[in-house]
Amino acid sequence: MRLDAFVPRVGHVVERARAALRRHILQQLEGKRYAGVIVALVIGDQRGIPQSEWDVFNRTGIGHLVSISGLHITMIAALAACVMSSLWRRSFYVEGAALPLRLPAQKAAALAGAVVALLYVLLAGSGVPAQRTFFMLAAVAAALWFGRVVALSHILCLALAAVVLIDPWAVLGAGFWLSFGAVAVILYANLGRVQTSTGWRRTLGAAVQTQYAVTIGLVPLTMLLFAQVSLASPVANAIAIPVVSLFVTPLALLGALLPAPLAGWVLGLAHVAIELLADGLHWLAASPLAVMNAPVPQPWIFVLALAGTAWMLAPRGWPHRWAGMAAWAPMLTQLPAAPPGGSFTVTAFDVGQGMALLVETERHRLLYDAGPQYAPGADAAGRILLPYLRGRGIGALDALVVSHSDLDHAGGARTLLEGVPVAQLHSSLAIGHPVVRAARRHSRCSSGQGWTWDGVRFELLGPAPQSYQEEGLKANARSCVLRVSAGGKAMLLAADIEAAQEAQLLERAPGRLRADVLLAPHHGSGTSSTAAFLAAVEPRLGIFQVGYRNRYRHPKKEVVERYASLGIRRLRTDESGAVTLRFGETLAVGEFRAERRRYWHGR
């Protein structure tokens, strides 16, 4: 039972104000494509921006602008300080005021700027970049108030300490490193540089120099965090920064505070500007040269690239600064790791209650299922699979197998097809299914199909061709069953087949079922993994791809006990995380959580 509709606390007041502003903006921009971007610029709520637009923003390197960034907070704080300073100085015109005689205008302006920055940060949701900006502005204001001279590097360190003290886990976020890293790069790049020109030339030169430093300086960090760097970023930011920071953001803030119909006109003008900007960004992002991908650099490669970056951004007079780019060579020329010929590697991802496995040979890669859809616009491909592929430097797949149409197997397929080139789709999906229409080439899974890559044999054992003629047959019954084998080792991927399909496999291909590793059918459901089927497969290891505390309670207790009674080792992705299997002369098994243990994993 709810005791009260509203409890008057600071946090609740802030959240209610944010909700009111969000509602006001969406009402004025109802049906507008980029209303979510305007909301993000005003209150930092990015939930209304679809993943397709984020892909464009990330490919063009302007994702930092589509939120309340440090630049925006600094700009608004500076505007408030200028207004306060102007009004404070002119108080002499008001009889008996003479405010500068009581408090210097500089101190009043600094206080106003800090207060406005704090209010803006609260409305922004207090993200790490916003916190960092506020603490730096507050430190500058405090230094001015107390007549102290403080180095900008000391101010940055104070802000770093404050952010970490408030939230020690902030260091796990990419925004933490990018925000502080960008400011550190700007400070380092301007050491020993003195502007000799004045006016607009000085301003333009400083802006170009800062953008150059940030673009170059963050390349190693961006490669480490995202395994890619936007080549279109310099051009995109040169246009987007002035448009978003000097035009769109002020209009969005003004429109959020104005009543209708004035708010609609002002917000509409801001939306038109964002729309025109987005059209140009879409054109830039469409180029295959917009982004450079490479595997995540190893520690020594990253440190070497950082040293080269520091050399390139060193003060004037430093010898051969351009030679620092040579230190980037190992980072930009890495090749994806691959198993030797005649062997293969399988990675069973931790995608929650769903299925997704990557099979790699020496020169080919196949993805078996694409994981679940978590919510509209959010799926395993966008959140897990594509970032993993980019992190490994894998830019294309030779095949994708979508075993059947259930959302826990096919939910991420469209996102995957849009995010990475896939040469061939094998599935049991209907011809008119959206995933089939999105594929370059498609073939239906059918028993008897097979191929060999780099000495590794792939065989489809199901479904039977005639199953496609049976109306009313469940999608599970048409699951694509794939056996991968090489050098006397094998793995059987059985998707969601149930007892009836297991019996059919025992009749149709009893001699081809044996495998060292079995992907437990139907996530360990009580309808699968019959004793006869397990006896025919004779696995040493069973992999259960299941979600933590899933509502189906997979794997079922009786199924786990059945595996145990046959001496089959069992691994669950909800406990082990991603499981890596290396099939060579021996079978090597790796568990992500065991290899990279964190205290919150427990046991």
ask   = Any residue in segment 37-58 that is surrounded by fewer than 21 Cβ atoms within 10 Å (Cβ to Cβ), of a type in the set (Lys, Arg) and under 22 Å from SER179 (Cβ atoms)?
value = yes
note = When segment 457-497 is checked residue by residue, the ones that are over 15 Å from SER427 (Cα atoms), of a type outside the set (S, T, N, Q), modelled with pLDDT of 95 or more and over 33 Å from the mean Cα position of the chain (by Cα) are ARG457, ALA486, LYS489, ALA490
query = Just for segment 93-109: of the residues that are in contact with a helix residue (DSSP H, G or I) (Cβ under 8 Å, 6 or more places away or on another chain) and at pLDDT below 80, which one is nearest to ALA142 (Cα to Cα)?
reply = ALA98
ask   = Name the pairs whose Cβ atoms lie under 6 Å apart, with the first residue in segment 326-339 and outside any loop (DSSP other than H, G, I, E, B), the second at pLDDT 90 or above and surrounded by fewer than 18 Cβ atoms within 10 Å (Cβ to Cβ), and 6 or more positions between them or separate chains?
value = ALA327/ALA307
ask   = Could you list, in sequence order, the residues of segment 144-167 that are modelled with pLDDT under 90 and of a type in the set (A, V, I, L, M)?
value = LEU144, VAL149, VAL150, ALA151, LEU152
Only listed residue being over 26 Å from the mean Cα position of the chain (by Cα), of a type outside the set (Gly, Ala, Ser) and farther than 26 Å from MET292 by Cβ, chosen from HIS426, HIS409 = HIS426
key: Qualifying positions in segment 277-292 - small (Gly, Ala, Ser) and either assigned to a helix (DSSP H, G or I) or loosely packed, with under 15 Cβ neighbours inside 10 Å (or both)   = ALA278, GLY280, ALA285, ALA286, SER287
query = Tell me, which residue of segment 293-317 that is loosely packed, with under 14 Cβ neighbours inside 10 Å and modelled with pLDDT under 90 is farthest from ALA227 (Cα to Cα)?
reply = GLY317
message = Could you check segment 249-271 and list, in sequence order, the residues that are aliphatic (A, V, I, L, M) and either surrounded by 14 or more Cβ atoms within 10 Å (Cβ to Cβ) or outside any helix (DSSP H, G or I) (or both)?
response = LEU251, ALA252, LEU253, LEU254, ALA256, LEU258, ALA260, ALA263, VAL266, LEU267, LEU269, ALA270
task = Starting from residues that are assigned to a strand (DSSP E or B) and of a type in the set (S, T, N, Q), keep the ones in segment 346-384 and report whichever is modelled with the highest pLDDT.
result = THR347
message = Go through (1) at pLDDT 90 or above; (2) in the same structural domain as ALA256 (by TED's automatic domain parsing) for PRO50 and report which single condition fails.
response = (1)
query = Residue check: is GLY63 modelled with pLDDT under 85 and either surrounded by fewer than 18 Cβ atoms within 10 Å (Cβ to Cβ) or not charged (D, E, K, R) (or both)?
reply = yes
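The values are calculated or read from the model by the stated rules, or taken from the named source; none is laboratory data. Small disclaimer: the values here were computed from a predicted structure and weren't measured. FYI the Cβ positions are ideal-geometry reconstructions off the backbone, even for glycines, and counts take in every protein chain you see.
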